[in-house]
1. ILE111 - would you say it is in contact with a helix residue (DSSP H, G or I) (Cβ under 8 Å, 6 or more places away or on another chain) and not in a helix (DSSP H, G or I)?
2. Output the residues belonging to the stretch 175-193 that are under 19 Å from HIS147 (Cα atoms) and surrounded by 17 or more Cβ atoms within 10 Å (Cβ to Cβ).
3. Can you pull out every residue in the stretch 130-152 that is surrounded by 16 or more Cβ atoms within 10 Å (Cβ to Cβ) and outside any helix (DSSP H, G or I)?
4. Here is a list: LYS23, LYS48, LYS72. Which entry is farther than 30 Å from VAL134 by Cβ, in contact with a Cys (Cβ under 9 Å, 6 or more places away or on another chain) and at pLDDT 95 or above?
5. Checking the conditions here, which among ALA39, ALA89, ALA66 is surrounded by 23 or more Cβ atoms within 10 Å (Cβ to Cβ), among the small types (Gly, Ala, Ser) and part of a loop (DSSP other than H, G, I, E, B)?
6. Which numbered condition in (1) part of a loop (DSSP other than H, G, I, E, B); (2) over 16 Å from the mean Cα position of the chain (by Cα) is the only one that THR32 fails?
7. Do we find a residue being more than 20 Å from SER62 (Cβ to Cβ) and acidic (Asp, Glu) anywhere in the stretch 199-220?
8. If you take the residues in the stretch 1-20 that are part of a helix (DSSP H, G or I) and either touching a Cys at 6+ places or on another chain (Cβ under 6 Å) or of a type outside the set (A, V, I, L, M) (or both), which one is farthest from LEU76 (Cα to Cα)?
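The values are calculated or read from the model by the stated rules, or taken from the named source; none is laboratory data. In this text, all values refer to a predicted model and were calculated from it rather than measured experimentally. Positions of Cβ are backbone-derived with ideal geometry, glycine not excepted, and every protein chain shown enters the neighbour counts.
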Amino acid sequence: MTSNDPSALKKIVAEKAVNDYVKDGMVIGLGTGSTAAYAINRIGELSKEGYSVTCVATSRASEVLAENVGLKVVPLCDVDHVDITIDGADEVDPDLQLIKGLGGALLREKIVAAATVKEVIIVDESKIVEKLGVKCSLPVEVIPYGHTKTAYALEKQGCVAVLRKTNGETFKTDCGNYIYDCKFDSIEKPFFLESRLDVIPGVVENGLFLNTASVVLISHQDGRVTKMEK
């Protein structure tokens, strides 16, 4: 099978991740975004087939979708750990370092990832890059108070920081924060940049997900799904 349909590629890789890694009785982290949505739908099908799973959601949108397909969703604080999280990414480099957050859920995604035993990332081949930042901007979540001052400090790190808007209105995350999309030519030293961003007053979290992914599944136009892991 071959496909140039991005939706088909997302569905293929999401369903393979669920079929290969989800087991009965697990606590599952539900990612956010169009690719993760296919995984949530497949987990819902398994639940209807008799799987007993408990889920935590990385966004309100994913929580609503999960409940609509019959999944039990609980607060993260109600579980000891998360066995597996299946989530998408916006860029993946050869070392399995990631940029996430174009869907606006990076803070909750990172909190859930930190509580997860195995983080499974699902992407199509267009998300694979040699260096982070070459295709997409790096989302940085900031508190609204004084956010223009925070943006000034962000740009001191070598980027152009653009306040995210939707339909002409400033985008707000589920946690009530703003996001600046920071465009770098490329990110040469992601760990160094992460440390620089995290100390800026007003920054809540950044979209660099470093040493987070356990495995990355990649769908290709010829129908194959390949795997990268450490």
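1. On the way: in contact with a helix residue (DSSP H, G or I) (Cβ under 8 Å, 6 or more places away or on another chain): yes; not in a helix (DSSP H, G or I): no.
So ILE111 fails the test.
2. Initially, the stretch 175-193 is screened for residues under 19 Å from HIS147 (Cα atoms), giving 175-183.
Those that are under 19 Å from HIS147 (Cα atoms) and surrounded by 17 or more Cβ atoms within 10 Å (Cβ to Cβ): ASN177, TYR178, ILE179, TYR180, ASP181, CYS182.
3. Initially, the stretch 130-152 is screened for residues surrounded by 16 or more Cβ atoms within 10 Å (Cβ to Cβ), giving 131-133, 136-142, 147, 150-151.
Within the stretch 130-152, LYS131, LEU132, GLY133, CYS136, SER137, LEU138, PRO139, VAL140, GLU141, VAL142 qualify.
4. Values: LYS23 fails: in contact with a Cys (Cβ under 9 Å, 6 or more places away or on another chain); LYS48 fails: in contact with a Cys (Cβ under 9 Å, 6 or more places away or on another chain).
Going through LYS23, LYS48, LYS72 in turn, the sole match is LYS72.
5. On the way: ALA39 fails: part of a loop (DSSP other than H, G, I, E, B); ALA66 fails: part of a loop (DSSP other than H, G, I, E, B).
Just one listed residue meets the conditions, ALA89.
6. If we test THR32 against (1) part of a loop (DSSP other than H, G, I, E, B); (2) over 16 Å from the mean Cα position of the chain (by Cα), just (2) comes out false.
7. No: zero hits.
8. Of all residues in the stretch 1-20, those part of a helix (DSSP H, G or I) come to 6-20.
Imposing the further condition that a residue be either touching a Cys at 6+ places or on another chain (Cβ under 6 Å) or of a type outside the set (A, V, I, L, M) (or both) reduces the set to 6-7, 10-11, 15-16, 19-20.
On the way: PRO6: 31, SER7: 29, LYS10: 26, LYS11: 26, GLU15: 24, LYS16: 25, ASN19: 23, ASP20: 24 Å.
Step by step, filter the stretch 1-20, then rank; the result is PRO6.
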